[in-house]
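The structure under discussion appears below in the form of structure tokens.
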Amino acid sequence: MKALEGIKVLDFTHVQSGPTCTQLLAWFGADVIKVERPGVGDATRKQLVDVPGADSLYFTMLNHNKRSIELNSKNETGKEVLTRLIEICDVMVENFAPGALDRMGFSWERIQEINPRIILASIKGFGPGKYEDCKVYENVAQCAGGSASTTGFHDGPPLVTGAQVGDSGTGLHLCLGIVTALYQRESSGRGQKVSAAMQDGVLNLARVKLRDQQRLARGPLTEYSQHGEGIPFGEATPRAGNDSGGGQPGRILKCRGWETDPNAYTYFITQAAAWTQVCEVIGEPEWKTKEGYATPPERLDKLNEIFERIEQWTMTKTKFEVMEICNPRNIPVGPILSMKELMEDEGLRETGTIVDVEHPERGTYVSVGCPIKLSDSPVDVIRSPLLGEHTQEVLAGDLGYRGDDLMRVLESGAVGDVNKEAAE
């Protein structure tokens, strides 16, 4: 039995943030019914298409294990169908623009009237306030949430990260909120609203930089490279390059083959507890006790020299050899792995973190699997649905439309162009 088996989710989300959340719920066993515009569907179905005539990877990799129903919620019959869906669902998830549900005639108050036990979960760009009506995309969230201002090198511009901390990160936050609300419903018997703002989600993931903002008021951030270089700090948390956010000096260093391989690098941390081992590995044993090198405070103004020496050693090894040599000595290192390397990683495939998925339109593609492993609720990754693939199944099987009543809905234009002969 799956962890969320028996939970039915009405998925009114699109693009990335919401679908990330509902895909997790589906992976955990919830029955997720994805509502899509008739004839159009989720915008990502046709964004960045690489196989003509097939749904894009952008869509397929965010909508596994779901069922798809086409529904025009502005059509009166469509509103009727939506009302019946709300009646039978435990959770409704949306990431529309603020006020969109109200304009559709489905305010929170109306949804509660239809189903007092339902949980309404929403993702917005900003929380209540002067920016709440602004449209937000991934990089906007990273910039407004503090990530970009603290990413990059201190003498360069702000940078966004390739990790989707704004969209997918907020989806993860919302998923936790939904599961928490479901748990509380067990004792309260009531549904509730759950919300997650993308700005809030990014800020939560950038909390160590908010930590440093407060530390900065009491003096320089001594573990930052710019302190050792004698560069004054300003009033805000600066960009720290590849320094370790945990306070232990760390850098990305070249490894053998870096001249031709853009990912022939390793992350190397000179943790205090491993300092003697670092000195042995790089061939500088005298540094263990040498004045100016023996303790972390003494080394702060020499970090550039120290990492240059370490890099001389890492450049003689592959990034994997560095890991094989350093890890047994408890020296924290990690190879810079490319997407190609991750996609081909046998270990990740064995754990289901990387999976092959069969799709009727595009054939086999590679996707990420569920990143969270439950021992009693294993995840089977099922391909994303075709547009409207389950419309008739949901109408007849879940909502109980039969005979003339079913034909009325099919002919109303509320559910797209479906096979009426098959329904008969």
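The values are calculated or read from the model by the stated rules, or taken from the named source; none is laboratory data. Keep in mind the model is a prediction, meaning the values are calculated, not measured. For neighbour counting, all protein chains shown are included, and Cβ atoms are generated from backbone atoms with ideal geometry for every residue, glycine included. Protein only, heavy atoms only, side chains kept; ligands, DNA and RNA dropped before computing areas. Shrake-Rupley method; radii C 1.70, N 1.55, O 1.52, S 1.80 Å.
Just a few scattered comments:
- Accessible area per residue, Å², the chain with all protein chains present, probe 1.4 Å: 49
- The orientation-averaged projection of the convex hull spanning the C-alpha atoms of the range 1-79 amounts to 5.7 square nanometres.
- Dipole of the chain, positive direction: furthest Cα of GLN184, ALA294, ALA197, with charges on the beta-carbon: ALA294
- Backbone HN-Hα couplings from phi across the range 104-115 [Karplus 6.51/-1.76/1.60, Hz, Gly and Pro as x]: 7, x, 10, 5, 4, 5, 5, 4, 5, 4, 5, 8
- Where GluC sites (Glu not before Pro) fall in DSSP loop in the range 322-357, at most 15 other Cβ within 10 Å: GLU344
- Share of carbon and sulfur in the accessible heavy-atom surface of the chain [1.4 Å probe, %]: 53
- Where a label projected 7 Å from the Cα of LYS74 along Cα→Cβ would reach, residues of the range 100-123 with amide N under 18 Å: 100-107
- Relative contact order (%) - the range 196-290, alpha-carbon pairs under 8 angstrom, separation at least six: 16
- Qualifying lysines (Cα of each under 27 Å from Cα of LYS66; at least 8 residues distant if same chain): LYS2, LYS8, LYS34, LYS46, LYS74, LYS79, LYS124, LYS135, LYS193, LYS373, LYS420
- Options TYR265, GLY230, PRO158, ranked by Cα towards positive dipole end of the range 154-302, top entry (Cβ charges): PRO158
- Computing FRET efficiency as 1/(1 + (r/R0)^6) for THR161 and ASP376, where r is the C-beta to C-beta distance and R0 is 35 Å, gives about 0.55.
- A probe of 1.4 angstrom, applied to the heavy atoms of all protein chains, finds ILE336 with accessible area near 50 square angstrom.
- Cβ-based net charge around ALA3, under 15 Å, with every Lys or Arg adding one and every Asp or Glu removing one: -3
- SER377 sits among other residues whose Cβ lies under 10 Å from its own Cβ, and their net charge, with Lys and Arg +1 and Asp and Glu -1, is 0.
- Prolate/oblate/rounded label for the range 343-408 (Cα gyration tensor, a/c 1.5): oblate
- Net charge over other residues, Cβ less than 14 angstrom from the Cβ of GLY125 (K, R count +1; D, E count -1): -3
- Considering only Cα atoms, the convex hull volume of the chain works out to 179 Å³ per residue.
- The range 124-179 versus the range 46-68: alpha-carbon centroid distance in Å: 24
- Each residue, HIS154 and SER188, gets one label point 7 Å from its Cα in the Cβ direction; the gap between the two is 4.7 nm.
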